[in-house]
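Notes to accompany the following structure.
Every number in this text was worked out from the coordinates using simple rules, so none of it is lab data. On a predicted model such as this, the values are computed, not experimentally measured, just so you know. A quick note on method: Cβ atoms are made from the backbone with ideal geometry, for glycine too, and the neighbour counts reach across all protein chains shown.
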Amino acid sequence: MRLLNSTLLSVTILAGCSDRRANDGDDLGDATPEWSGCAMKDEVQTCAEVCATQGTVCVVGGCPARPDFCEPDNCELATQVLAINAEALCADPSVGTFVVTTCDATIDWLFSNTVRCCCVDQD
């Protein structure tokens, strides 16, 4: 019974991950969202803009907050990651503060000056 519950939980979580949608509502299919390159505070207002400038589409809550520790039953997902240390964040997205928000929401910079957004290439 324990194995059955674990299997059902894993399938449920994986199904939830596979149903992530791009900002325009399109199903992602087999596309894998990834963190964008860095953008600075004075360059963009939303994650939709960040992704568009890189030729991709924003994904709400589609990228792992801690990719090194992401397992199907313990994977926190985010839309954006913010930091004040651009050099560190641009080298490794796991060093920032993760936020789940809509792609069109204005980025809440607070004390940050650098952002990376969850984007997917839909070619």
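With the cut-off at 1.5 for a/c, could you classify segment 39-81 from its C-alpha gyration tensor as rounded, prolate or oblate? Prolate is the answer for segment 39-81, as a/c is 1.5 or above and a/b outweighs b/c.
Between ASN113 and ASP30, the C-beta separation translates, for a Förster distance of 22 Å, into a calculated FRET efficiency of about 0.05.
In this calculation the C-beta distance from ASP92 to GLU43 is compared with R0 = 22 Å, giving a FRET efficiency of 0.60.
Would you mind checking which residues have amide H under 5 Å from ALA78's amide H? H placed 1.01 Å from N; only 5 or more apart, or other chain. For ALA78, the qualifying residues are GLY62, CYS63, ALA65.
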